[in-house]
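In what follows, a single structure is set out as structure tokens and then discussed.
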Amino acid sequence: MVRKNKGFTLVELLIVVLILAALAAIAVPRIGASASNAKRKACDTNIDIMNGQIELYTANTGSAPAVLTDVITDPNYFPDGSPVCPFDGSAYVLGANGHVTPHAH
């Protein structure tokens, strides 16, 4: 009587684990880099939107805002509240040129 063993050997399981570990070692850094890149682009987009709203505020009122809170607290310009940096949640600041300037991450 021939007996067939059903199941996997230890060597087969180790090979599968090694293959999965190699795939994870490739995929995890790429996912982390993608998330950082997405946050950087979101921050740049927030700055562009805020600068556009500052220009709209200037066109509507006839003068540039003295401080950024004049624009970001007005629900006509930011009905959902002011944007914050996706990296650390910090607020943006108005630069000397009258626009929001990019900051380092």
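Just so you know, all these numbers are worked out from the coordinates, no wet-lab data involved. Being a predicted model, the structure only gives us computed values, none of them experimental. Positions of Cβ are backbone-derived with ideal geometry, glycine not excepted, and every protein chain shown enters the neighbour counts.
Tabulated values for the structure
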{"read-out": "Mean shadow area of the range 53-105 over all directions, Cα convex hull, nm²", "value": "3.8 nm²"}
{"read-out": "Helix 10-61 vs. the chain, principal-axis angle (Cα, 0 to 90°, nearest 10)", "value": "10 degrees"}
{"read-out": "Simple spin-label estimate for Asp74 and Leu13 in nanometres, 7 Å along Cα-Cβ", "value": "6.7 nm"}
{"read-out": "Estimated FRET transfer efficiency when R0 is 22 angstrom, pair Val67-His105 (beta carbons, to 0.05)", "value": "0.40"}
